[in-house]
Amino acid sequence: MGRNTKNTTRALHWGFGGFVLVMLSLGYYMTNTPYSDGLYTWHKSLGVILSATIGIRIYWSIRHPWQSSTSLGKIESWARKVTHRLLVFLLFAMPASGLTSSAFSGWSVHVFNFTIVPKNLNAEGEVEAFSVTIYEAAKLTHEVLGYLFSTLILLHVAAVLKHHFLNKDQTLLEMLKFKK
Ligand code: HEM
Ligand code: HEM
């Protein structure tokens with residue numbers, strides 16, 4: 001794995017990692033405060049942009065698995081592999097379930113003022129789901145996967161901090177330091 005390849009992985013990891021943390025924060029904040037159109041617009045608009053670009057990050061991660069110099073025991077190396085694979089799977093499944101629930105909800109999918117799936121109003125002018133079944137299944141999936149994602153990210157960060165502060169190895173520094 002060359003220097004440029006590793007730097008690309010670093011840039012993608014921190015760029016999309018930050019993006020995901022913003023999406024999670026918005027998601028929890030907007031569903032736990034008095035209803036605000038504005039926050040939903042941000043979550044959906046950024047979510048569509050994320051959905052459109054996440055393929056790059058996923059492709060790269062599968063094509064160029066991160067190689068760290070830290071040697072791990074059997075169980076740790078298994079845990080690392082499983083966690084990383086699940087995180088990459090969720091990078092696909094979170095936007096996919098969010099898009100599906102939004103698209104079928106009748107509430108519209110948009111990137112700020114640009115509409116992708118329009119609102120669906122019935123004769124009384126009320127919002128009506130295109131399919132209640134698909135909407136509710138996707139919404140539940142989005143919620144449950146959100147908990148799984150949050151848990152795995154906490155586990156991921158805890159493992160990294162353990163390596164950095166207790167084992168005092170290069171795990172975190174290798175991912176942080178861009179090399180010329
Ligand atoms: C990595 C991407 C994403 C993450 C991490 C994320 C995270 C979250 C979280 C944590 C919630 C709160 C769940 C709950 O407890 O109800 C949420 C809700 C929601 N998300 Fe996402 N989301 C993502 C992408 C998307 C996308 C692409 C869309 C649609 C374009 C979307 C639409 C929604 C909607 C409409 C809700 C509110 C559901 C409700 O009314 O309860 N999300 N999201
Ligand atoms: C502040 C938070 C984070 C820190 C400190 C951090 C740190 C790291 C480090 C040090 C590695 C290399 C691990 C190794 O050598 O085995 C790594 C890999 C990885 N991290 Fe994170 N990370 C963070 C957030 C995230 C988030 C939010 C995601 C979301 C999906 C994520 C997904 C991954 C994945 C998939 C890998 C495997 C390598 C790859 O495919 O790019 N990380 N992370």
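From its DSSP helices (H runs of at least four residues, each -39,500 (n - 2.57)), the chain gives a residue-normalised ellipticity at 222 nm of -24500 deg cm²/dmol.
Kindly state, to the nearest 0.05, the FRET efficiency for Glu128 paired with Leu39, given R0 = 25 Å and r defined as their beta-carbon distance. Once the sixth-power term is evaluated, E becomes 0.65. Taken one residue at a time, the phi angles of the stretch 75-84 give Karplus couplings (6.51, -1.76, 1.60, θ = phi - 60°) of 5, 4, 5, 5, 4, 4, 4, 4, 4, 4 Hz. Gly and Pro are set to x. To the nearest 10, the accessible area of Glu174 is 30 Å² with a 1.4 Å probe.
In a reduced charge model with +1 at each Lys and Arg Cβ and -1 at each Asp and Glu Cβ, the stretch 3-176 shows a dipole moment near 1060 debye about its Cα centre. Database remark: amide H of Ala129 closer than 5 angstrom to no amide H (H placed geometrically; neighbours at sequence offset of 5 or more, or on other chains; Pro and chain starts carry no H). When Leu99, Leu21 are compared by accessible area of protein heavy atoms, the largest-first order is Leu21, Leu99, using a 1.4 Å probe. Ranking Lys44, Lys162 from most to least accessible surface, computed with a 1.4 Å probe over the protein chains only, gives Lys162, Lys44. Percent of Cα pairs in the stretch 1-92 per distance bin of 5 Å, from zero to the largest separation: 2, 11, 19, 19, 17, 13, 9, 6, 3, 1.
Measuring max minus min along each principal axis, the C-alpha atoms of the chain give extents of 64, 31, 26 Å (largest first).
So, counting K/R as plus one and D/E as minus one, what does the shell of residues with Cβ under 15 Å around Asp169 add up to? Computed value for this residue: +2. Simple spin-label estimate for Ser25 and Val88 gives 2.8 nm between the two label positions (7 Å along the Cα-to-Cβ direction from each Cα). Amide H to amide H distances under 5 Å link Ile116 with Val109, His110, Val111, where only residues 5 or more positions off or on other chains count and H is placed in the peptide plane. Between Glu174 and Ala137, the C-beta separation translates, for a Förster distance of 35 Å, into a calculated FRET efficiency of about 0.30. Annotation: Arg63 carries an accessible surface of approximately 140 Å², with a 1.4 Å probe and no ligand, DNA or RNA atoms counted.
Entry comment: accessible area of the stretch 3-176 is 62 Å² per residue, from protein heavy atoms only and a probe of 1.4 Å. For the listed residue pairs Lys139/Lys177; Lys81/Lys139; Lys74/Lys139, the alpha carbons are over 30 angstrom apart in Lys139/Lys177; Lys74/Lys139.
The values are calculated or read from the model by the stated rules, or taken from the named source; none is laboratory data. These figures come from a predicted structure and were not determined experimentally. Backbone-built Cβ (ideal geometry, glycine too); neighbour counts: all protein chains shown. Accessible surface areas use protein heavy atoms only, side chains included; no ligands, DNA or RNA. Shrake-Rupley method; radii C 1.70, N 1.55, O 1.52, S 1.80 Å.
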